[in-house]
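A.B. asks: This is the structure I have questions about; it appears just below.
The values are calculated or read from the model by the stated rules, or taken from the named source; none is laboratory data. Being a predicted model, the structure only gives us computed values, none of them experimental. Glycine gets a Cβ as well: all are built from the backbone with ideal geometry, and neighbour counts include every protein chain shown.
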Amino acid sequence: MKNWKILKTETDYRNALTRLDEVIDAAMGTNEGDELELLALLIKDYEEKHYPVKLPDPIDMIKLRMEEMGLKNKDLVDVIGSESHVSSVLSGKRQITLEMARKLSQRLNIRASIFINDNLPFEQYEIPSFRIKKTEAA
């Protein structure tokens with residue numbers, strides 16, 4: 001087992017990935033299992049610093065969730081307003097108000113904070129208990 005340190009260079013990163021592949025099936029509680037856990041942490045840290053994930057904007061999240069749930073623009077009229085308001089919001093011509101954010105959060109099961117905070121990590125976008133539910137059009 002190598003004495004691993006914080007990954008500072010691309011070479012360090014590649015070496016860690018190579019070793020991770022070698023010990024990926026190690027049993028937990030063994031020296032290789034401990035090394036596997038350490039490598040995972042070091043690699044995650046390096047990737048977060050050097051390969052940040054660009055998060056989708058809130059409008060893209062709304063559209064994605066609408067697609068997942070089989071919703072059409074008219075299905076958000078009670079949340080956003082008229083169909084023209086829905087279209088304006090989804091095209092970026094109209095801003096999402098705090099009240100819309102609250103209602104969209106409830107309807108689409110997305111954290112309301114994404115409409116306010118652009119710096120959330122990706123896993124924070126969904127409410128943990130999210131399950132896709134198709135709604136019937138009225």
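A.B. asks: Taking the residues in region 59-105 that are among the hydroxyl-bearing types (Ser, Thr, Tyr) and closer than 15 Å to Phe115 by Cβ as candidates, determine which candidate is modelled with the lowest pLDDT.
C.D. replies: Thr97
A.B. asks: May I pose another question? Kindly provide the set of residues from region 1-21 that are surrounded by 13 or more Cβ atoms within 10 Å (Cβ to Cβ) and not basic (Lys, Arg), ordered by number.
C.D. replies: Trp4, Leu7, Asp12, Tyr13, Asn15, Ala16, Leu17, Leu20
A.B. asks: In addition: Residue by residue through region 1-46, note down the ones that are touching a Phe, Trp or Tyr at 6+ places or on another chain (Cβ under 8 Å) and assigned to a helix (DSSP H, G or I).
C.D. replies: Asp12, Tyr13, Ala16, Glu35, Leu38, Leu39, Leu42, Ile43, Tyr46, listed by residue number.
A.B. asks: Looking only at region 33-75, which residues are over 22 Å from Lys93 (Cβ atoms), in contact with a Leu (Cβ under 8 Å, 6 or more places away or on another chain) and free of Cβ contacts under 8 Å to residues at least 24 places away in the same chain?
C.D. replies: Leu36, Ala40
A.B. asks: Here's a follow-up. Here is a check on your reading of the model: is Asp12 at pLDDT below 95 and of a type in the set (Asp, Glu)?
C.D. replies: No.
This table checks each residue for (1) loosely packed, with under 14 Cβ neighbours inside 10 Å; (2) assigned to a helix (DSSP H, G or I); (3) hydroxyl-bearing (Ser, Thr, Tyr).
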{"site": "Glu67", "(1), (2), (3)": "yes, yes, no"}
{"site": "Leu71", "(1), (2), (3)": "no, no, no"}
{"site": "Asp75", "(1), (2), (3)": "no, yes, no"}
{"site": "Gly92", "(1), (2), (3)": "yes, no, no"}
{"site": "Ile96", "(1), (2), (3)": "no, no, no"}
{"site": "Glu99", "(1), (2), (3)": "yes, yes, no"}
{"site": "Leu104", "(1), (2), (3)": "no, yes, no"}
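A.B. asks: Among what's in region 12-58 and is among the β-branched types (Val, Ile, Thr) and under 28 Å from Ile114 (Cα atoms), pick the residue that is farthest from the chain's Cα centre (by Cα).
C.D. replies: Looking at residues that are among the β-branched types (Val, Ile, Thr) and under 28 Å from Ile114 (Cα atoms), I get Ile43.
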